[in-house]
Amino acid sequence: QVQLVESGGGLVQAGGSLRLSCAASGRTFSSYVMGWFRQAPGKDREFVAFISRGAGITSYADSVKGRFTISRDNAKNTVYLQMSSLKPEDTAVYYCAAGSIMRRDPAAYDNWGQGTQVTVSS
């Protein structure tokens, strides 16, 4: 098990940027695939990005490709999501998650943070 705590959310104007962080407890952070997901009101939780254990492989949802960048620092037990050119439709609660396989399906992830709100105003 790993405990995850997200931070960095907030209110930003369209076209702006935010960087989300997710700090993990425990000594096994580097053994997990890490993902970011988001959930807007009234919608299902959706995949945003994932990154492999060694950071050599990343994958993005089409809706964020070219605007968002996922990265990780295994020495700091932290995964990041740099978000640029934000749009109102990016408004959601953003969650980080830890799992054992690289999948876009939220069900593949066993450990979740509490989420951080991102609001993009037009």
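The values are calculated or read from the model by the stated rules, or taken from the named source; none is laboratory data. Quick caveat: nothing in here was measured; it's all calculated off a predicted structure. A quick note on method: Cβ atoms are made from the backbone with ideal geometry, for glycine too, and the neighbour counts reach across all protein chains shown. What goes into the accessible areas is simple: the full protein's heavy atoms, side chains included, and nothing from ligands, DNA or RNA. Shrake-Rupley method; radii C 1.70, N 1.55, O 1.52, S 1.80 Å.
Could you list all residues from segment 11-22 that are under 13 Å from Val93 (Cα atoms) and surrounded by 13 or more Cβ atoms within 10 Å (Cβ to Cβ)?
Applying the first criterion (under 13 Å from Val93 (Cα atoms)) to segment 11-22 yields 11, 20.
Across segment 11-22, the qualifying residue is only Leu20.
Restricting to segment 1-10, give me the number of residues that are open to solvent by 30 Å² or more (accessible area, probe 1.4 Å) and outside any strand (DSSP E or B). Before you say what the answer is, go through the steps one by one.
Start the filter on segment 1-10 by keeping residues that are open to solvent by 30 Å² or more (accessible area, probe 1.4 Å), which leaves 1, 3, 5, 7-9.
Filter once more, keeping what is outside any strand (DSSP E or B): 1, 3, 8-9.
Adding up the residues that qualify gives 4.
Going through segment 103-117 one residue at a time, which ones are modelled with pLDDT of 95 or more and open to solvent by 70 Å² or more (accessible area, probe 1.4 Å)?
Within segment 103-117, Arg103, Arg104, Asp105, Ala107, Trp112, Gln114, Gln117 meet the criteria.
Could you please give the count of residues in segment 51-98 that are surrounded by fewer than 15 Cβ atoms within 10 Å (Cβ to Cβ), without any contact (Cβ under 8 Å) to a residue 40 or more places away in the chain and at positive phi?
Counting residues in segment 51-98 that are surrounded by fewer than 15 Cβ atoms within 10 Å (Cβ to Cβ), without any contact (Cβ under 8 Å) to a residue 40 or more places away in the chain and at positive phi gives 1.
For (1) in contact with a helix residue (DSSP H, G or I) (Cβ under 7 Å, 6 or more places away or on another chain); (2) at pLDDT 95 or above, each residue gets a yes or a no:
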site: Gly9; (1), (2): no, yes
site: Ala14; (1), (2): yes, yes
site: Leu20; (1), (2): no, yes
site: Thr28; (1), (2): no, no
site: Lys43; (1), (2): no, yes
site: Ser52; (1), (2): no, yes
site: Asp62; (1), (2): no, yes
site: Asn74; (1), (2): yes, yes
site: Val79; (1), (2): no, yes
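Report, by residue number, each residue of segment 99-122 that is assigned to a strand (DSSP E or B), farther than 16 Å from Leu20 by Cβ and in contact with a helix residue (DSSP H, G or I) (Cβ under 9 Å, 6 or more places away or on another chain).
Hits for segment 99-122 are Gly99, Ser121.
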